[in-house]
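Following: one structure in structure tokens, then a few remarks.
The values are calculated or read from the model by the stated rules, or taken from the named source; none is laboratory data. The structure presented is a predicted model; accordingly, all values stated were derived computationally and were not measured. Here the Cβ is made from the backbone with ideal geometry for all residues, glycine too, and neighbour counts use every protein chain on show.
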Amino acid sequence: MTDNGDTDNERLDFIREIVRSDRASGRHAAIVTRFPPEPNGYLHIGHAKSICLNFGIADEFGGRCHLRFDDTNPVKEETEYIRSIEEDVRWLGFDWGDNLFHASDYFEQLYEWGEYLVKAGNAYVDDLSAEEIRTHRGTLTEPGKESPYRNRGIDENLELFRAMRNGNVPDGARVLRAKIDMAAGNINLRDPVLYRILHVDHPRTGDAWCIYPTYDFAHGQSDAVEHITHSLCTLEFEAHRPLYDWLVEHLPVPSKPRQIEFARFNLSYTVLSKRRLLKLVEGGHVNGWDDPRMPTLSGMRRRGYPPAAIRDCAKRSGVAKRDSMVDLAFLEHCVRSELNRTSERRMGVLRPLKVVIENFPENQVDDLEAVNNPEDAGAGTRLVPFSRELFIESDDFMEDPPKKFFRLAPGREVRLRYAYFITCREVIKNADGEVVELRCTYDPETHGGDAPDGRKVKATLHWVSAPHAVSTEVRLFDTLFSSPDPGADGDILADLNPDSLEVISDARLEPSLADLESGERVQLERLGYFCADPDTTLERPVFNRTVTLRDTWAKMKARG
């Protein structure tokens, strides 16, 4: 199923209906949600859907949303990821206030609850290896097999568990497992591991611990400590809910949160797996986590995606109970809709072709008035220099044009945006026969782009004044993958698009763009929306094309 957005959240959002019902029944006086990322990679647009949902519900129902790092695996966690996650959530437009937490804040409490389960006969220390535990778990059609260590006495288990904490046991030698039911139909209830030994320093707690709780053990109990009312998870955690509930019921937790699952956000031509994204980064297939081709929020920010567009896409794609695929064209439609409204217009030429206007005075410069944004009258106008020597797009000229080519050709007249009509009189070529310059004339009576005699032209071209133009590097992006379902055959690298990046080293832009700061966005008329890259310097501006002007999704919707 492909999800093209435009769902009615108030009518179809089952999670909001649950929250609304819980409020109305008095079950919860205040609504508390949380966004709980693991700091083992950068956030991507799939996380944005969860961020918008959790913070959005808290805001709509007058509650609060916590940002909590589920930092239970120090092997994969880094301070860099923590900083990037905080930055991304803020950039997306959300604020957790004083409600910043970490699962590691509760390590002591979680350990005590581990002992509580042991003392209650609901957990035991197991000496089986990881491979043996997997073998003993059974399959979806066959029950598991009990560990030979399952029936150890409480005192022995307690002694062994404390030895694990004290650092007296090597990695992998023992684990703490819940004692539930090895014949359970849900494999997650077949004595799941609660603690494992890792003699690894933690980014926050250092060497204070050498045993760490599993995600399943830490997550629900952290929710309970923080009095989370609605623990919103994606569908892959649905099978884990019985364990979530079992732990809450068998521990003296201060509250009883409710886990609710929703369909994750999937995007065509994209992979949304931190493990796979890390593979792209470490393999040098992209230029870091913030490569503008990446679906990470930092990559989208660098590419020029406005946060309002991502929030709009998350909202319009809806909250569902079954997986679906959002068309990349729909996300780009949301980006265009926002940028069309907010971006000022400028002119630039990506592949410049020189034009000399022979009857224009050599030392004259006309300052022509240009509209900054036709969608926003308050954006005003600017002055654009016009001189004897200009640059136009090389694609806007053909020496021997086909029938439906209406742009510049020998003997043909066209309009220059905001300027004059010009006519091509002569074509200059280099020794290889390539067109390098056009000799043209202009009609001074057509100032502003209209002829007083009423004659019409069939094309309007963008341009820049050659002596005033800013030389820039422009990066053009296509999808990182050539397949709408990358890695469907198991190998995402086989689906990498070799043409996902094109670098133009000497594009020319109008002078008003010389001092655009990193992150600022503009529309280059006829070319697309662009954003100044962090690589930009005063000596060398660098621009990323965010999206082209062509909106394929809107056209598909118009056709029905």
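Miscellaneous remarks
- From the list ILE180, ILE187, ILE154, the lone residue that is surrounded by 17 or more Cβ atoms within 10 Å (Cβ to Cβ) and either assigned by TED's automatic domain parsing to the domain that holds THR214 or farther than 22 Å from TYR215 by Cβ (or both) is ILE180.
- Answer from THR460, THR472 - the residue that is within 28 Å of the chain's Cα centre (by Cα), among the hydroxyl-bearing types (Ser, Thr, Tyr) and under 30 Å from GLU413 (Cα atoms): THR472
- The listed residue being closer than 20 Å to VAL319 by Cβ and touching a helix residue (DSSP H, G or I) at 6+ places or on another chain (Cβ under 8 Å), out of HIS219, HIS240: HIS240
- Subset of the stretch 41-56 (residues that are of a type outside the set (Lys, Arg) and under 16 Å from PRO295 (Cα atoms)): GLY41, TYR42, LEU43, HIS44, ILE45, GLY46, HIS47, ALA48, SER50, ILE51
- Being modelled with pLDDT of 95 or more and over 28 Å from GLU525 (Cα atoms) is not true of GLY318.
- Residue in the stretch 279-295 that is in the same structural domain as PHE477 (by TED's automatic domain parsing), within 17 Å of ILE82 (Cα to Cα) and touching a His at 6+ places or on another chain (Cβ under 9 Å) present: no
- Residues that are assigned to a loop (DSSP other than H, G, I, E, B) and either touching a residue at least 60 places away in the same chain (Cβ under 8 Å) or acidic (Asp, Glu) (or both) within the stretch 524-539 comprise GLU525, ARG526, LEU527, ASP533, PRO534, ASP535, GLU539, listed in sequence order.
- Where a residue in the stretch 358-373 is over 19 Å from ASP443 (Cβ atoms) and at pLDDT 95 or above and its partner, wherever it lies, is acidic (Asp, Glu) and crowded, with 16+ Cβ neighbours inside 10 Å, with Cβ under 6 Å and at least six apart: ASN372/GLU344; ASN373/GLU344
- Top-ranked residue in the stretch 456-509 [being in a strand (DSSP E or B) and among the acidic types (Asp, Glu); ranked as nearest to LEU353 (Cα to Cα)]: ASP506
- Once the stretch 49-76 is narrowed to residues that are surrounded by fewer than 23 Cβ atoms within 10 Å (Cβ to Cβ) and small (Gly, Ala, Ser), the residue that is nearest to LEU232 (Cα to Cα) is SER50.
Quick grid of which residues meet (1) surrounded by 14 or more Cβ atoms within 10 Å (Cβ to Cβ); (2) more than 42 Å from the chain's Cα centre (by Cα); (3) more than 22 Å from PRO385 (Cβ to Cβ):
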position: PHE405; (1), (2), (3): yes, no, yes
position: ALA409; (1), (2), (3): yes, yes, yes
position: VAL414; (1), (2), (3): yes, no, no
position: ALA419; (1), (2), (3): yes, no, no
position: ILE428; (1), (2), (3): no, yes, yes
position: ARG439; (1), (2), (3): yes, yes, no
position: ASP443; (1), (2), (3): yes, yes, no
position: THR446; (1), (2), (3): yes, yes, no
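- Pairs are defined by a Cβ separation below 6 Å, a sequence spacing of at least 6 or placement on different chains, a first member in the stretch 59-76 that is assigned by TED's automatic domain parsing to the domain that holds GLU87 and outside any strand (DSSP E or B), and a second member that is of a type in the set (A, V, I, L, M) and surrounded by fewer than 18 Cβ atoms within 10 Å (Cβ to Cβ); the pairs so defined are GLY63/ALA30; PRO74/VAL200; VAL75/VAL200.
- Pairs with Cβ under 8 Å, 6+ apart, first in the stretch 438-454 and modelled with pLDDT under 95, second of a type in the set (Phe, Trp, Tyr): HIS447/TYR420; GLY448/TYR418; GLY449/TYR418; GLY449/TYR420; GLY449/PHE421; ALA451/PHE421
- Residues that are crowded, with 20+ Cβ neighbours inside 10 Å and either part of a helix (DSSP H, G or I) or on the phi > 0 side of the Ramachandran plot (or both), drawn from the stretch 282-310: LEU297, SER298, GLY299, MET300, ARG301, ARG302, ARG303, GLY304, ALA309, ILE310
- You will find that of ARG336, ARG382, the residue that is in the same structural domain as GLU502 (by TED's automatic domain parsing) and either part of a loop (DSSP other than H, G, I, E, B) or touching a residue at least 60 places away in the same chain (Cβ under 8 Å) (or both) is ARG336 and no other.
- Pairing residues of the stretch 116-136 that are surrounded by 14 or more Cβ atoms within 10 Å (Cβ to Cβ) with residues that are assigned to a strand (DSSP E or B) and among the β-branched types (Val, Ile, Thr), at Cβ distances under 9 Å and at least 6 apart in sequence or on separate chains, gives VAL118/VAL125; VAL125/VAL175; ASP126/VAL175; ASP126/VAL193; ASP127/VAL175; LEU128/VAL175; ILE133/VAL175; ILE133/VAL193.
- Taken over the stretch 223-237, the residue count meeting the criterion of being aliphatic (A, V, I, L, M), within 22 Å of the chain's Cα centre (by Cα) and assigned to a helix (DSSP H, G or I) is 1.
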